[in-house]
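Q: Structure provided below as structure tokens; questions to follow.
The values are calculated or read from the model by the stated rules, or taken from the named source; none is laboratory data. Quantities reported herein were computed from a predicted structural model and do not represent experimental measurements. Here the Cβ is made from the backbone with ideal geometry for all residues, glycine too, and neighbour counts use every protein chain on show.
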């Protein structure tokens, strides 16, 4: 016997299509909204509808920005160091690095990562616009902040080969033990990286 | 520096207001939708908008049902045993019990639980409509399936005191070790209940 009205089942299905949300969490969310005041679901619905119509990619760095704004706030800012450029895979990575408060340069968002298995080559992500940006000679250092994964490594290597000949310094985020981590539980690869990248304490 | 456009931040905030979704999951969901095809967010938005407008409570058992349907499918069904009634806290509990396939009676959804601390008394939940339903003498047994929590226990006790005088059998879901559980890791209260409710193997 179908115990649920269509409108509830539709919402459960829609939630369950999101990453990391299984059918149980999806029904918990749907029933929570069913009990909550109407505004809760309407606010979420409105935010969802505006998501695509009111955002676009910054034409310089490809981070997300409000619709109608050609450049994102970071690209438009004059307070940021133009000589250092941090290359990330996704807009979320910009957020994570901004949260540290330790980087005052500019960004370039690749909107993806090289992945021969999935057929994603340099044309599919924003690598050529990056190389184009570097041509004016303002950038002295490119920090490659792709994920420490196989695809991230391959992308970093490719970028290094394309950027070094331009006479620009290329660096990559350090790999090692995460702060608060435990050597006992560190996986072999992380520990290998931590050993290889050990820092002198002079 | 504000690194996010308002429309993205609004969606993150709206997601983060849902139970069990923290700020990190909320931003992951928002950025997933930003990358996904437009339909993903629009389908979810539509499902949210229709949630409230296209559902109502069954006037008999207070489960959710499609708008315009006075009775839910279970109440309207003639194939179900009218003499046995299962009382649950929330519509989700009906779903869980239906999934077992082991219950062929009807339901009554309290839409809450007695909680003196939060000021929820018998008037705030659907207890009186339940007692009203029992008056016609058709129901022989009421299974109380409130949660095995303090509030669930209090509600069960209250219902027992009100229903027993009507000459109706009252039972409650068994408490004990969960299937697949481990005695070693069972908490003291569960083990106490399992001992007290031990079943003869004759």
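Q: Considering each residue of segment B:32-56, count those that are in contact with a strand residue (DSSP E or B) (Cβ under 8 Å, 6 or more places away or on another chain) and within 7 Å of chain A (Cβ to nearest Cβ), and give that number.
A: The first filter runs over segment B:32-56 and keeps only residues in contact with a strand residue (DSSP E or B) (Cβ under 8 Å, 6 or more places away or on another chain), leaving B:34, B:54-56.
Checking which are within 7 Å of chain A (Cβ to nearest Cβ) leaves us with B:34, B:54-55.
Count: 3.
Q: Criterion first (in contact with a helix residue (DSSP H, G or I) (Cβ under 9 Å, 6 or more places away or on another chain), modelled with pLDDT under 95 and in the same structural domain as residue B:63 (by TED's automatic domain parsing)) does residue B:104 satisfy it? Outline the logic, then answer.
A: Working: in contact with a helix residue (DSSP H, G or I) (Cβ under 9 Å, 6 or more places away or on another chain): no; modelled with pLDDT under 95: yes; in the same structural domain as residue B:63 (by TED's automatic domain parsing): yes.
Against the criterion (in contact with a helix residue (DSSP H, G or I) (Cβ under 9 Å, 6 or more places away or on another chain), modelled with pLDDT under 95 and in the same structural domain as residue B:63 (by TED's automatic domain parsing)), residue B:104 does not qualify.
Q: Which members of segment B:1-16 meet the condition of being within 21 Å of residue A:42 (Cβ to Cβ) and touching a helix residue (DSSP H, G or I) at 6+ places or on another chain (Cβ under 7 Å)?
A: B:7, B:8, B:10, B:11, B:12, B:14, B:15, B:16
Q: Also, quick follow-up: Considering only residues that are farther than 15 Å from residue B:172 by Cβ and touching a helix residue (DSSP H, G or I) at 6+ places or on another chain (Cβ under 9 Å), which ones fall in segment B:77-101? Let's see the steps before the verdict.
A: First pass over segment B:77-101, keeping only residues farther than 15 Å from residue B:172 by Cβ: B:77-83, B:90-92, B:94-96, B:98-101.
Once the filter is applied, which keeps residues that are farther than 15 Å from residue B:172 by Cβ and touching a helix residue (DSSP H, G or I) at 6+ places or on another chain (Cβ under 9 Å), segment B:77-101 yields B:80, B:90, B:91, B:92, B:94, B:95, B:98.
Q: How many of the residues in segment A:77-102 are under 24 Å from residue A:158 (Cβ atoms) and free of Cβ contacts under 8 Å to residues at least 40 places away in the same chain?
A: Summing the residues that are under 24 Å from residue A:158 (Cβ atoms) and free of Cβ contacts under 8 Å to residues at least 40 places away in the same chain in segment A:77-102 gives 5.
Q: Can you find a residue in segment B:57-76 that is out of contact with any helix residue (DSSP H, G or I) (no Cβ under 7 Å at 6 or more places or on another chain), in contact (Cβ under 8 Å) with a residue 24 or more places away in the chain and at the interface with chain A (Cβ under 9 Å from one of its Cβ atoms)?
A: Among the residues of segment B:57-76, at least one is out of contact with any helix residue (DSSP H, G or I) (no Cβ under 7 Å at 6 or more places or on another chain), in contact (Cβ under 8 Å) with a residue 24 or more places away in the chain and at the interface with chain A (Cβ under 9 Å from one of its Cβ atoms), which makes the answer yes.
Q: Could you list, in sequence order, the residues of segment A:156-202 that are touching a residue at least 12 places away in the same chain (Cβ under 8 Å) and in contact with a strand residue (DSSP E or B) (Cβ under 8 Å, 6 or more places away or on another chain)?
A: A:156, A:159, A:160, A:163, A:168, A:169, A:170, A:171, A:172, A:173, listed by residue number.
Q: Could you run through segment A:165-190 and say how many residues are assigned to a helix (DSSP H, G or I) and within 18 Å of residue A:82 (Cα to Cα)? First the steps, then the outcome.
A: From segment A:165-190, those assigned to a helix (DSSP H, G or I) are A:165-166, A:183-185, A:188-190; that's our starting set.
Those left that are additionally within 18 Å of residue A:82 (Cα to Cα): A:166.
Total meeting the criteria: 1.
Q: Suppose we keep only residues that are more than 31 Å from the chain's Cα centre (by Cα) and surrounded by fewer than 22 Cβ atoms within 10 Å (Cβ to Cβ) within segment B:6-30. Which one would you say is nearest to the other protein chains (Cβ to nearest Cβ)? Give the steps one after another, and end with the answer.
A: Of the residues in segment B:6-30, the ones more than 31 Å from the chain's Cα centre (by Cα) are B:6-9.
The next check asks that each one be surrounded by fewer than 22 Cβ atoms within 10 Å (Cβ to Cβ); those that pass are B:6, B:9.
Values: B:6: 6, B:9: 9 Å.
Ranking the qualifying residues of segment B:6-30, first place goes to B:6.
Q: Of the conditions (1) closer than 30 Å to residue A:49 by Cα; (2) surrounded by fewer than 15 Cβ atoms within 10 Å (Cβ to Cβ); (3) within 20 Å of the chain's Cα centre (by Cα), residue B:71 clears all except one; give me its number.
A: (1)
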